[in-house]
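Data block below; observations after.
The values are calculated or read from the model by the stated rules, or taken from the named source; none is laboratory data. Keep in mind that this is a model prediction, so the values were computed, not measured. Neighbour counts run over all protein chains shown; Cβ positions are idealised from the backbone, glycine included. Quick note on the areas: whole protein, heavy atoms, side chains included, nothing else; ligands and nucleic acids left out. Shrake-Rupley method; radii C 1.70, N 1.55, O 1.52, S 1.80 Å.
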Amino acid sequence: MRASPAPVPELPPVVAAAYARARRHGFVLSCEPEVGRLLATLAAGVPTDGRILEMGTGVGAGTSWIVHGLGARDDVRVTSVDVDGETSAIAREAGWPAWVTLHVADVLDVLQALGRFDLIFADAQGGKWTGLGRTIAALRPGGVLLVDDMTPPAWMDDAHERHTAQVRATLLTHPDLVTTELACGSGMILGTRRRDGA
Ligand SMILES: C[S@@+](CC[C@H](N)C(=O)[O-])C[C@H]1O[C@@H](n2cnc3c(N)ncnc32)[C@H](O)[C@@H]1O
């Protein structure tokens, strides 16, 4: 007899609320649950008094996965930045813990002022398609970078495909990173900033 497949865990309430918000507002760019679950897992491992950056808040799905991963911790600071004020306002509809800050800005304009991070979810064109080197430089030694949408079901256009190939090449060959590709969800690359030479 074949074992029945393990049940898929239900979405945590904070995450279910974020996806409901996205549906209500017709926002279709939220990270997939496969990506979010990894993000939550990585958030849970951030060191004491750590810092997490999300580039591209959207309506708060990624942020909600981070909040879920941190659970009862209140020592970690979470910063999420979106260039679109309307989208960010929708994300603000959620009641976030006091240690979550949502900014409206082009993330590349504020990156230097924001400092360095233990975990970065680079989920906006700024900081990923452009300025990826600056994103990598914003990782603390041992810091972890997650990017998704590396193998989407379809390319929006040639530029999308070209930029994604460039992101992949940069991440997989960067001397400061140890990286791996994960063929699940929309396709992810996970990188850790080396502790030597940082
Ligand atoms: C894929 S969505 C983010 C989804 C979100 N991280 C999640 O997991 O649900 C990309 C977002 O990046 C924002 N964005 C695009 N360019 C940006 C930039 N240069 N700086 C900040 N946000 C940017 C867009 O407005 C959009 O809301």
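If we scan segment 151-170, do we find a residue that is touching a residue at least 60 places away in the same chain (Cβ under 8 Å) and outside any loop (DSSP other than H, G, I, E, B)? No: segment 151-170 contains no residue that is touching a residue at least 60 places away in the same chain (Cβ under 8 Å) and outside any loop (DSSP other than H, G, I, E, B).
Candidates in segment 95-138 are the residues that are in a loop (DSSP other than H, G, I, E, B) and aliphatic (A, V, I, L, M); of these, the one that is least open to solvent (accessible area, probe 1.4 Å) is ALA138.
Candidates in segment 87-133 are the residues that are near the ligand (Cβ under 9 Å from one of its atoms) and acidic (Asp, Glu); of these, the one that is farthest from HIS163 (Cα to Cα) is ASP109.
Please verify whether segment 159-173 includes one or more residues that are surrounded by 13 or more Cβ atoms within 10 Å (Cβ to Cβ), acidic (Asp, Glu) and under 19 Å from the mean Cα position of the chain (by Cα). No: zero hits. Of the residues that make up segment 157-180, is at least one modelled with pLDDT under 95, closer than 18 Å to VAL35 by Cβ and not β-branched (Val, Ile, Thr)? Within segment 157-180 (the criterion being modelled with pLDDT under 95, closer than 18 Å to VAL35 by Cβ and not β-branched (Val, Ile, Thr)), the answer is yes, since at least one residue qualifies.
Residue-by-condition table, conditions (1) within 17 Å of the chain's Cα centre (by Cα); (2) more than 12 Å from the ligand (Cβ to nearest atom); (3) modelled with pLDDT of 95 or more; (4) part of a helix (DSSP H, G or I):
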| position | (1), (2), (3), (4) |
| --- | --- |
| LEU11 | no, yes, yes, no |
| ALA18 | yes, no, yes, yes |
| LEU38 | yes, no, yes, yes |
| ASP49 | no, yes, yes, no |
| VAL81 | yes, no, yes, no |
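Any residue at all in segment 145-155 that is surrounded by 17 or more Cβ atoms within 10 Å (Cβ to Cβ), touching a helix residue (DSSP H, G or I) at 6+ places or on another chain (Cβ under 8 Å) and at positive phi?
Taking segment 145-155 and keeping what is surrounded by 17 or more Cβ atoms within 10 Å (Cβ to Cβ), we get 145-150.
Now narrow it down to the ones that are touching a helix residue (DSSP H, G or I) at 6+ places or on another chain (Cβ under 8 Å): 145-150.
Remaining after also requiring at positive phi: 149.
The answer is yes, given that some residue of segment 145-155 is surrounded by 17 or more Cβ atoms within 10 Å (Cβ to Cβ), touching a helix residue (DSSP H, G or I) at 6+ places or on another chain (Cβ under 8 Å) and at positive phi.
Out of curiosity, is GLY56 within 11 Å of the ligand (Cβ to nearest atom), within 20 Å of ALA17 (Cα to Cα) and within 16 Å of the chain's Cα centre (by Cα)? Yes, satisfied.
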